[in-house]
Amino acid sequence: MPGFVLLVRQRGDADDAMGIGYTVSKKVGNAVTRNRMKRRLRELCRAALPESGISGADHVLIGRPGGNDIVFAELGEQLDSALTRAAKKLAR
């Protein structure tokens, strides 16, 4: 996805809780830009993960340069698409 990278890994334990992590490197910009990107990623996950997240898995969102320039609704669509693809890959 242009705004972020989503990594999903099954934990393999009996816990069905979803783990979530965020990371934005210095390549994205200065501290203000990185913090804004992290806030946007947190809000995306707050809205999408309860319905579309994979239970018993850890989700990591990695912010990419230019992610702050993308409209928030488009980022939400990208996250839904990425979660759908990750669920299909893990179902195999």
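All of the numbers you see were taken from the coordinates with simple rules; none came from a lab. Keep in mind that what you see is a predicted model, and the values were worked out from it rather than measured. Virtual Cβ from ideal backbone geometry, glycine too; neighbours counted across all protein chains shown.
Of note:
- For the pair Lys38 and Asp80 in one chain, pulling the backbone fully straight at 0.36 nm per residue adds 13.4 nm over the alpha carbon distance.
- Rounded to 5, the percent of DSSP beta bridges in the chain classed as antiparallel: 60 percent
- Relative contact order [Cα under 8 Å, 6+ residues apart], the chain, whole percent: 47 percent
- Sorted ascending by nearby beta carbons within 10 Å, beginning with the fewest, Leu49, Leu90, Leu41 become Leu90, Leu49, Leu41.
- Ellipticity estimate at 222 nm from DSSP helix runs (n ≥ 4, -39,500 (n - 2.57)) divided over the chain, nearest 500: -16000 deg cm²/dmol
- Rounded tilt (10° steps) of 72-91 against the dominant C-alpha axis of the chain: 30 degrees
- Cα gyration tensor shape of region 10-92, rounded if a/c is under 1.5, else prolate or oblate by comparing a/b with b/c: prolate
- Farthest towards the positive end of the charge dipole of region 4-91, among the residues Leu41, Thr23, Ser55, is the Cα of Thr23, using unit charges on the Cβ of Lys, Arg, Asp and Glu.
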